[in-house]
Structures are given as C-alpha cells and as structure tokens.
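The structure appears below as structure tokens.
Laboratory data are not the source of any read-out in this text; all were calculated from the coordinates shown. What you are looking at is a predicted structure, and each value in this text was computed from that prediction instead of being measured. With ideal geometry, Cβ positions are generated from the backbone for all residues, glycine too; neighbour counts draw on all protein chains shown.
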C-alpha cells in the first residue's frame, strides 16, 4: 500500500521530487565548488612504484613447518618497519646521495610515500609521489634500499652480539676445564709417588716372603718351622694390606669426580661451538634469502582528482539538498494524493477533478464546452454525490439536504469553478438548480456564467428589500421548471458579516429549498473570510474543495473551523488532480449519457 494513503507526513522521495529544482541547484553548487577546489589544488605530480617480497628468515630453517599466520605477521611487521622514521632518515641520505636537489627530508618522505601489503601476499608495495618523475623513482628505490640496509645492519648487529656471548661462554668453559685438568693432574701425581713407595715396600715384603718359604723348606726343626710359619703369616697380611692401599690410591673418588666434570665441560664447549657455527650459517642464509626487490624504473603522472572530487561534490550536494528538501517538506506538508484529505476531513472523496490543461481544455466550464472530457465527467460525479446520505460521527446521517455550500481553505483553490460546473452538471441531469454567488468580495461565479452582463438584482435585494426570488435570479440554462438559475450578490450597500447574521438571511435559506431541487452556495474561503463560518451555519451541508499539492496544515485548520461551525461535511472534491489514464477511458459509456446513439460492438 502507498504510504501516502495512511499518513500526511512527507516521504524523502516525494520531498526530493517536490523541491527537485532546489535539490538540483544545491547539487550544482556543490559540484561547482568541487570543480573549483580540484583546479585550485591540482599539481603536476608523478608516482613511482617499487616493491619488495619479504620472507621470514626462520622459514629458511624450519621450512614448511612455519605457518602462514606467522609469515603474514612477519610481513605486517616489515610493512610497519618500512613506514618507520629510521627507514625514512636512511632513505633521505641515500636519495640526496643520488641527487643533491632531492626536495624531501625524512618527514617529507613519510608524507609522500604510500606503503602497504599487496593483499595477503608477501609483497610490500612502495609508491612515492613527487613533483618530478626522477625524484619519484629515487624516492621509491631509496626507501627499499634503506629498508634492506637497515635489515642487514640489524642482522649483523644481532649476529655479532650472539657470537660475542657464545665466545665468552666458550672461553669461560675452557678456563674452567683447564682448572679441572690441573686438579686432576696434581692429584694423580701425588698418588703416583705414594704408589711407587708402597710398591717398593711391597716388593721387599714379597722377597722376604719368598726367603721365608725357602727357609721353611730347608728347616727340619719343628720349633724353627713354627717360628717361620708365624712370620710367613705376618708377611702375607702385610702384603695384602699393602695391595689394598695401592688399589685405593689408584681408584680415588675425588679424581673420578674431577674427570667427569672435565668431560662435561668439554661436551658443553662442543655444543657452544656448534651453536656458534649455526648462527654464522643462519646469518649467511638470512642475508642471502631475506627479500626480493623490484626497483622502480619509471614514474607515471598522477591522475587528476577532478573526477573523484566531482563525484564527492555531487553526492554531498544531493545529500544536503535532499535533507534540506525533506526539512522544507516537513514544514510545508502538502496533499499529494486524492485519498489523503479523508484523513483530515473524515469525509469521503466525492470526485477527483483533473487539471483542465492536461486535457487541453482552455475553458473554465468543461461541462458546457467539453462534455465528453474526463473533467466534465468528474463534475457529473460531484453532482451525483450530493444526493447521497452517509453516517456521521455524531451517530446521525447527512441527509439529502438541498442547500450545499462549496468552500475551501484558501484563495485560488478553484471552488467557484467547482461550484459552477457542479451546478451545470446537476442541471443537465434534469434538476432545478439554484447557484448562489455568496462570495461577496469575489463574485467569480457570476463572472463565469455572465461575463458580459451585470444582473440587476441579487441576494441582497431578495433578503433586505423583499424582492421576489424569480425577479432576482437569472436563467442560465434550461426552462423555468428545470435547468440552472443564478442568484448574484446584488447591489445594495451592506457588509457581509452583518448580512449573514440577519434573521431574514437564515429564513431565506430555509425557504429557498421549496423552489429548487438543489441549491449550491459559492462560499468564500473559510480561512480568509470570517463571515464564511456564519454562512456555513446557514446551509445543510458543506462540500470542501481540496486542490492537489495544497497545504495539509491549512486543511487541518479548515477542519478545526468546521468542527466549530457544526455543519456536516458531505465530502470533498480533489481539484487540479493529475490526469490518470483510466479517467479518459469513458467514451463508450458516455454515449447514452450525452444523448449519442447507442452502438453495438461489432
């Protein structure tokens, strides 16, 4: 369902369309400002592109085990390093070494360079903008060279630091090993001298034991043999004890511990030397396989930002214009659909009268001049709608009362045209219709029907002088029993507010119904003439004219005034409506209505 059928609040699209020329003007102003700014800030600049593919050094050792996530983090870290001030300072020195007139210092290099990772790859792109093509190439290549120089310096410094630490540890282990060896040698020498002395003593004991055995073999005396046996046993005990002492000296626990400690020190030294060799090898690999660079060989002129600024200007202009249009639409709500007035008036649509010009109608009375037009048919709808009754909110009915006032909220809403054409349409249906021109200050109805005549009398003469009604009215169409009669204002000097408060005026509106089938009163605009409320209190019902794209706020004020008057509203005419295609497809249906011969379809 169209939102306009349920709300009077403006939509953004309708606000833009309503104030389209304002939106277009603001958009053009914004685009012009963008065009001027692009021209004022444009400079002849060039951009050069260099790139470098970086590889995590650990991947040359760990191989495929290094995860993609680790590699991507390494690339991001190197991207930030390329953007660092230290790289910019080194690049500035390199660039000025190549060209003494290079115009950018370290901070300028940072501003002119655009450094980013190429998607999710290992490639880092370096773009450098400069006022000269050669300077752009020098700037881009200098940043890459400065980065490589910084990486090599850092790698060499780290390698040297690591080797110094390992060399210091190796030296410390060697000194400790030499001390241990000296302790082993000292203990070994001391025990060797003791073992030699004990060996000589053991040899002496063994020789004595051999001599005793020889003596024992040569002796036959029991006493002598007994004494020799005792001595043999003593010597043997001494030999065993001496051998135990010598063995103990050879297997000293302290010496064994020192030997084990010395062995561990030698193993540690071997490990440190292997680590040192690995650091040297790793450093060589990192220096040779850390990056692959692509130098900038040419610079391209920077494309003008005019197109981009124009797009931004147009977008901002449309945004600001649309917002401004919506704010205006909120402040100036309008009726844009024939069903919207029902939300305010709580009354039905009687007819939608199209804009005459959209049908090519130049006359203000299409019922008379263009009877087959959609406009004329709309007025016939209006005339027919005045005969119906409908329930009202107070619980009663709007009867088919004969006196209907046609009014509107403001000036130039077309109420006089609507009242006149509706009266003509009702008269052509065979009714006896009286059209009263009660808009004393305008008299547009009289001028529409009698452009070249001035009625001799009118409403004021009938009410205040008592002139018979048939002498004051003017026959417009039809015979005396049917057709349209016009009752103009009259020529008596009177004020409208006082006139419509007269008891004679009220009595006239009550009695005139006895002479006509329908009485249509052209009332002044309710919100412009105070006496319009008094006049509306004298009639049976009110027909409201609501023009297309009229003010919703004024319509709400009109309804408030009608609520005070109390006269029921039978409905409304939506005037100056856009011509819809279906409104023009009535030719066949009109033949009998307009008196044409009926034709059967072939």
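Side notes on the structure shown:
- Put simply, when 269-279, 430-440 are sorted by average Cβ atoms within 10 angstrom per residue, most first, you get 430-440, 269-279.
- Using only the C-alpha atoms, the convex hull of region 116-185 corresponds to 104 Å³ per residue.
- Counting only alpha carbon atoms, the long axis of helix 253-289 and the longest principal axis of the chain meet at about 40°.
- When 445, 180, 79 are sorted by how many other C-beta atoms sit within 10 angstrom of their C-beta, beginning with the fewest, the order is 79, 180, 445.
- Between helix 552-565 and the chain: long-axis angle, C-alpha atoms, 0 to 90°, nearest 10: 50 degrees
- Packing-based ranking of 142-148, 213-219 yields 142-148, 213-219, ordered from highest to lowest mean Cβ neighbour count within 10 Å.
- When peptides 86-93, 472-479 are sorted by average Cβ neighbour count within 10 Å, with the highest value leading, the order is 86-93, 472-479.
- Simple label model, 7 Å out from Cα along Cβ direction - residue 197 to residue 101, nm: 9.7 nm
- Shape category assigned to region 348-579 from the gyration tensor of Cα positions, a/c cut at 1.5: rounded
- Of all DSSP-defined beta bridges confined to the chain, some 45% are antiparallel rather than parallel.
- Within region 308-347, the proportion of Cα pairs with more than 12 Å between them is 69 percent.
- Value at 222 nm in deg cm²/dmol, rounded to 500, when DSSP H runs of n ≥ 4 in the chain each add -39,500 (n - 2.57): -18000 deg cm²/dmol
- Gain on full extension, evaluated as 0.36 nm per residue between residue 315 and residue 557 minus their Cα-Cα distance, stands at 83.3 nm.
- Look at where the Cα atoms of region 477-521 and of region 317-380 average out, and the two centres are 30 Å apart.
- Dividing the C-alpha radius of gyration of region 427-493 by 2.2 N^0.38 Å, with N its residue count, gives 1.07.
- Taking the inverse of the mean 1/r over every pair of distinct Cα atoms in region 402-523 gives a Kirkwood hydrodynamic radius of 14.3 Å.
- Equivalent ellipsoid of the chain: semi-axes from √(5λ) of the C-alpha gyration tensor, largest first, are 127, 35, 20 Å.
- Label point 7 Å beyond Cα of residue 281 along Cβ direction - residues of region 164-183 with amide nitrogen under 20 Å: 164-167, 170
- 0 to 90° range, to nearest 10: angle between helix 85-98 axis and the chain longest Cα axis: 90 degrees
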